[in-house]
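So the structure is just underneath, and the comments pick up after that.
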Amino acid sequence: MKHMKTFVAVGILAAATLLPAAAADISGAGATFPYPIYAKWGDAYKKETGIGINYQSIGSGGGIKQIQNKTVTFGASDMPLTPANLTKDGMIQFPTVIGGDIPVVNIEGIKSGDLKFDGPTLAKIYLGEIKSWDDAAIKKLNPDAKLPGQPIVVVHRSDGSGTTFIWADYLSKVSADWKSKVGANTSVEWPVGIGAKGNEGVAQNVANTKGAIGYVEYAYAKQNNLTVVNMINKDGKTVAPNAASFQAAAANADWEKAENFYVILTDQPGAATWPIAGATFILMYKQPQDAAAASEALKYFAWAYAKGSKMAEDLDYVPLPKNVVSAIQNVWTAQIKDASGKAIFTLSN
């Protein structure tokens, strides 16, 4: 239970952030996927600058709504918005780190790495077509595993979630049935299973439910000591989730050519690639209501890019390459302006 306390505390902190922020605090809301690193960065940034980060870990769907409603300085989403939607809303987006969605299970006698799935089998489990852990499809992939004749308890997100988008986008690419029946979005109509709020909620549900399977960002699996399942990727290779396999998934991404950094990293080729990887994004207005607050937020993210890479790596997130960071900061300078048309961020910041 020692590990579970980590994200019980996170949930309390996230709830606490719903209270009014101090005047100097930077306000943001959204994805739970990057919450562990945003919390770590926020603590370090406050110690260095005295400025706090009031970040509500409420899910990507909530973060998109809050920035659209202009109740926060920045929104956070693991589902990138399309260039057309960004233009319509007068916003930009930029990635911060790369991570991975991980299947986690609670099966007696099974340890991390004992099981492997391919995409079609995972889709059939989440479609409710595979109902028991000793199903022939699972046994075929795992002939040496001692699989019980136990019902599979599917756990999924109940809130609007970019983690769900990454998961469902991957399943849509590997399963025609999933694509036609469910599809990919921050919220989907789940064929089976029980819902839980946030990565925190899914982690706790899987930990407390015998026979459960769920999906969480890797930091939640690692810090809560959950049993992790390996994946068979697009090249037919079995891979474990870690920073190296997430980095391999990002190797084909051409961030600088992608309009508004619109890049999706699921089901990428490569022998070492984790197939359910994704970046997480920040959403901000090109002409923010509070230019001073937006300037402070950009200073925070500039600090995180410059000084936060080691902290990200410690939680198995992948920092962005320096050339991508430069491209992002050039966009800040060119596109985020105050009411007079003056840039609120320059590289001298």
Restricted to segment 67-87 and to residues being more than 22 Å from I344 (Cβ to Cβ) and free of Cβ contacts under 8 Å to residues at least 60 places away in the same chain, the residue surrounded by the fewest Cβ atoms within 10 Å (Cβ to Cβ) is A84
V153 being surrounded by fewer than 22 Cβ atoms within 10 Å (Cβ to Cβ), in contact with a Ser or Thr (Cβ under 6 Å, 6 or more places away or on another chain), of a type in the set (A, V, I, L, M) and in contact (Cβ under 8 Å) with a residue 40 or more places away in the chain: yes
Do the conditions hold for T186, that is, is it in a loop (DSSP other than H, G, I, E, B), hydroxyl-bearing (S, T, Y) and in contact with a helix residue (DSSP H, G or I) (Cβ under 7 Å, 6 or more places away or on another chain)? yes
What residue, of I51, I102, is surrounded by fewer than 24 Cβ atoms within 10 Å (Cβ to Cβ), touching a residue at least 40 places away in the same chain (Cβ under 8 Å) and β-branched (V, I, T)? I51
Got a number for residues in segment 220-278 being more than 22 Å from P319 (Cβ to Cβ), within 18 Å of the chain's Cα centre (by Cα) and at pLDDT below 95? 1
Considering only residues that are out of contact with any strand residue (DSSP E or B) (no Cβ under 6 Å at 6 or more places or on another chain), of a type outside the set (A, V, I, L, M) and under 24 Å from D78 (Cβ atoms), which ones fall in segment 320-344? P321, K322, N323, S326, Q329, N330, W332
The residue from G90, G63, G59, G52 that alone is within 30 Å of P151 (Cβ to Cβ) and either assigned by TED's automatic domain parsing to the domain that holds D290 or at pLDDT below 95 (or both) is G59
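Condition check ((1) farther than 28 Å from V216 by Cα; (2) part of a helix (DSSP H, G or I)) across all residues:
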position: P269; (1), (2): no, no
position: F281; (1), (2): no, no
position: Q287; (1), (2): yes, no
position: A297; (1), (2): no, yes
position: E313; (1), (2): no, yes
position: N323; (1), (2): yes, yes
position: I328; (1), (2): no, yes
position: S340; (1), (2): yes, no
Return only the number of the condition from (1) aliphatic (A, V, I, L, M); (2) crowded, with 16+ Cβ neighbours inside 10 Å; (3) in contact with a strand residue (DSSP E or B) (Cβ under 9 Å, 6 or more places away or on another chain) that A302 does not satisfy. (3)
If we scan segment 323-334, do we find a residue that is in contact (Cβ under 8 Å) with a residue 40 or more places away in the chain and hydroxyl-bearing (S, T, Y)? no
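The values are calculated or read from the model by the stated rules, or taken from the named source; none is laboratory data. All figures in this text were calculated on a predicted structure; none of them were measured in a lab. Neighbour counts are summed over all protein chains in view; Cβ atoms, including those assigned to glycine, are modelled from backbone coordinates with ideal geometry.
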